[in-house]
Amino acid sequence: MNQHRNLSPSQQHQALENEPGFHDLPQATQQRMHDRLAQLNAMPEPQRNALIQRNEYMERLSPQQRDQVGMATRNWASLPPDQKAAVSRSFHVLRQIPPDQRAAALNSGRYTYGFNPQQRSALNGLMNVEPMLPPDQH
């Protein structure tokens, strides 16, 4: 996307069509990629730039690291919305704490008593992969 940022949306879709192997993908996958490109183009520029930056950062991870991040985010995503929001807020707070102090904070009563086992598991998983994630944008 970054390479084609100065192209019009129709030119970007054409560039996607010209990517090697694109036509070897199942039709449904091709359509999802076109839909995602349209979504990306409809986003406000700061949001689009943040998403592109995050994706580029993730591409630099090893396959094993990407799997770890994927597992942690799926665990978080499986929580009910209110619990997911609480874990997200805590994750962003914990990211602001110096790394050598995070374990103590994570093991404090706020997270051991205030969160159920699924929330603690999701938060622990996110904190384990935190060094692999792009810097917090908030």
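The values are calculated or read from the model by the stated rules, or taken from the named source; none is laboratory data. Owing to the predicted nature of the structure, the values given are computational and were not obtained by experimental measurement. Here Cβ is always computed from backbone atoms with ideal geometry, including for glycine, and neighbour counts include all displayed protein chains. Note: areas computed on protein heavy atoms with side chains; ligands, DNA, RNA excluded. Shrake-Rupley method; radii C 1.70, N 1.55, O 1.52, S 1.80 Å.
Comparison of ALA38, ALA15, ALA50 shows that the only residue that is more than 24 Å from LEU133 (Cβ to Cβ), among the small types (Gly, Ala, Ser) and touching a residue at least 24 places away in the same chain (Cβ under 8 Å) is ALA38. Here is the figure for segment 84-108: residues that are assigned to a helix (DSSP H, G or I) and over 18 Å from the mean Cα position of the chain (by Cα) total 8. When the residues of segment 109-138 are filtered to those that are part of a loop (DSSP other than H, G, I, E, B) and among the hydrophobic types (A, V, I, L, M, F, W, C), the one that is farthest from the chain's Cα centre (by Cα) is PHE115. Considered as a group, the residues in segment 107-131 that are over 12 Å from ASN75 (Cα atoms) and open to solvent by less than 30 Å² (accessible area, probe 1.4 Å) include one that is modelled with the lowest pLDDT, and that residue is TYR111.
Within segment 59-82, being closer than 14 Å to MET127 by Cα, hydrophobic (A, V, I, L, M, F, W, C) and loosely packed, with under 15 Cβ neighbours inside 10 Å holds for one residue alone: MET71.
Applying the condition of being within 17 Å of PRO131 (Cβ to Cβ) and among the charged types (D, E, K, R) to segment 83-106 and asking which residue is surrounded by the fewest Cβ atoms within 10 Å (Cβ to Cβ) yields ASP100. Among the residues of this structure, GLU56 does not count as one that is of a type in the set (Asp, Glu) and open to solvent by 90 Å² or more (accessible area, probe 1.4 Å). Residues of segment 16-31 that are farther than 22 Å from TYR57 by Cβ and part of a helix (DSSP H, G or I): GLU17, PHE22, HIS23, ASP24, GLN27, ALA28, THR29, GLN30, GLN31.
LEU51 passes every criterion in (1) more than 13 Å from the chain's Cα centre (by Cα); (2) hydrophobic (A, V, I, L, M, F, W, C); (3) at pLDDT below 90 apart from (1). Note on segment 1-34: residues that are small (Gly, Ala, Ser) and surrounded by 11 or more Cβ atoms within 10 Å (Cβ to Cβ) amount to 1.
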